[in-house]
Amino acid sequence: MTDLLLRDARVVDARGLRPGRVHVLVRAGRIAAIGEGLDAAGAEVVALGGRWLAAGLMNAHAHACLDAGPDPETVLHGENRSQTVVRSIARLEATLRAGVTTIRDVGGPGEMTIELAALIAAGEIPGPHMLASGRVITMTGGHGWWIGRQADGPDAVRRATRKNLRAGATSIKLMATGGMMTTGRQAGQPQLTIEEMAAAVEEAHKREVPVAAHAESRIGVRNAILAGVDSVEHGHGGDQEIIDLMLERGTALVPTILSDRRIIDHGVAAGIPAFVVEQCEALHESLVTFLEPAIRAGVRIAAGNDGGAPLVPMGDMVDELELYVRHGMTPQAALASATTVTAELFGLTDVGLVEEGQVADLLVLDGDPLASIGALRGPVQVLRAGAPVLDWPATV
């Protein structure tokens, strides 16, 4: 790979805006140097003209196998494996082009997402760096049972976790409660127990693999935290006691609030199943009343948008971040939620910042995301491990 010298950049990341304008040298997929007056013989030189250079975004809650249409589960049911693979590959490329350079896929059919992650890592298909959970782990008949490993009792859940890890999973997804997208109006009902989830956590943490738990009620959130999961997904129904518990345990919250908003705003008229809309309308306010005090209290918020869910493409992270700002975050904290906080949750130490030694997952922007988080939308260029994803505009 040819060295790349980015001249005249304003560097911005979760730590703030670096003073002045600098040059950034990318070598072998990493940031080799940042400073004034840098030069590198043989490097491709791109003059950014004072544009902003930020870290690539991350999505902590995505489903590559879902099409983000109004009824994605019905579509997935109707696809054969080849169709799902081909369409997932297209969605992953679109996600990368939108500026999302790392995702955590939290559930798909079989080992498909694990296989896709391996293809991306090998450079055989374009896409963001991908942590893959493979099959969700759920109780018999629980949320997502038809694409999951159904397991009852701590020993069975432990075995299911080991099977996922053997298959190559780099994340584990548990179902602490029912969910909106499963028929039968199960959303929020407790499912896996504390003891069952704790067995999965123990096995995953032996391998330093993070554990996420879907939870859409207070009791489900509480059970997941007490079981030791790394992140609670969604979080409907949480309260001050839950906030205190998350702060004590260091548990992250992945709010996926954009998914709720899209379902409520577009509803049955857009083709979203009525049972999904009804459950979302019943639960949404309990997420808002949890998220706002959680932000004020300093709970770790890792950005995820439930990409693939109704009307939520995986790459549509800026709308998710704008909702965080609307509910009380500063733009800098919102940027951190989709970079450094998420990287920490994933156990990744070499992404999320614009600094020497980091992987060169970078966005070139026309505006300052610390002034308006919306500046992250429609990047001028996306670099994935130093390689340009988009065509450079003629004005650069």
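The values are calculated or read from the model by the stated rules, or taken from the named source; none is laboratory data. Model, not experiment: these values are computed from the prediction. Positions of Cβ are generated from backbone atoms using ideal geometry, with glycine treated the same way; all protein chains shown enter the neighbour counts. Side chains are part of the model used for accessible areas, which takes the heavy atoms of the whole protein and leaves out ligands, DNA and RNA. Shrake-Rupley method; radii C 1.70, N 1.55, O 1.52, S 1.80 Å.
What's the total number of residues in the stretch 238-269 that are outside any helix (DSSP H, G or I) and farther than 18 Å from GLY304 by Cα?
Residues in the stretch 238-269 being outside any helix (DSSP H, G or I) and farther than 18 Å from GLY304 by Cα: 2 in total.
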Output the residues belonging to the stretch 39-75 that are without any contact (Cβ under 8 Å) to a residue 40 or more places away in the chain and open to solvent by less than 40 Å² (accessible area, probe 1.4 Å). ALA40
Residues within the stretch 291-335 that are farther than 16 Å from SER372 by Cβ and aliphatic (A, V, I, L, M), tallied: 12
Residue among ARG149, ARG158 that is closer than 22 Å to VAL221 by Cα, free of Cβ contacts under 8 Å to residues at least 24 places away in the same chain and open to solvent by less than 60 Å² (accessible area, probe 1.4 Å): ARG149
Output for the stretch 169-216, where each listed residue is touching a residue at least 60 places away in the same chain (Cβ under 8 Å), small (Gly, Ala, Ser) and either open to solvent by 20 Å² or more (accessible area, probe 1.4 Å) or closer than 20 Å to ASN305 by Cα (or both): SER171, ALA187, GLY188, ALA212
GLU320 fails exactly one of the following numbered conditions: (1) farther than 21 Å from THR74 by Cβ; (2) part of a helix (DSSP H, G or I); (3) without any contact (Cβ under 8 Å) to a residue 60 or more places away in the chain. What is the number of that condition? (3)
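Return yes when ILE272 is assigned to a loop (DSSP other than H, G, I, E, B) and either open to solvent by 30 Å² or more (accessible area, probe 1.4 Å) or over 15 Å from ARG218 (Cα atoms) (or both) and no when it is not. I'd like the intermediate steps shown before the answer.
Working: assigned to a loop (DSSP other than H, G, I, E, B): yes; either open to solvent by 30 Å² or more (accessible area, probe 1.4 Å) or over 15 Å from ARG218 (Cα atoms) (or both): yes.
Judged against the criteria, ILE272 is a match.
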ALA336 meets each of (1) within 16 Å of the chain's Cα centre (by Cα); (2) closer than 19 Å to PRO210 by Cβ; (3) not in a helix (DSSP H, G or I) with one exception, condition (3)
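Taking the stretch 300-328 only, how many residues are open to solvent by 20 Å² or more (accessible area, probe 1.4 Å), under 27 Å from LEU245 (Cα atoms) and out of contact with any strand residue (DSSP E or B) (no Cβ under 6 Å at 6 or more places or on another chain)?
5
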I'd like the residue in the stretch 231-245 that is over 18 Å from PRO190 (Cα atoms) and in contact with a helix residue (DSSP H, G or I) (Cβ under 6 Å, 6 or more places away or on another chain) and, out of all such residues, is surrounded by the fewest Cβ atoms within 10 Å (Cβ to Cβ). LEU245
Could you tell me which numbered condition ALA394 fails, if it satisfies all but one of (1) open to solvent by 40 Å² or more (accessible area, probe 1.4 Å); (2) among the small types (Gly, Ala, Ser); (3) over 26 Å from ARG262 (Cβ atoms); (4) in contact (Cβ under 8 Å) with a residue 40 or more places away in the chain? (4)
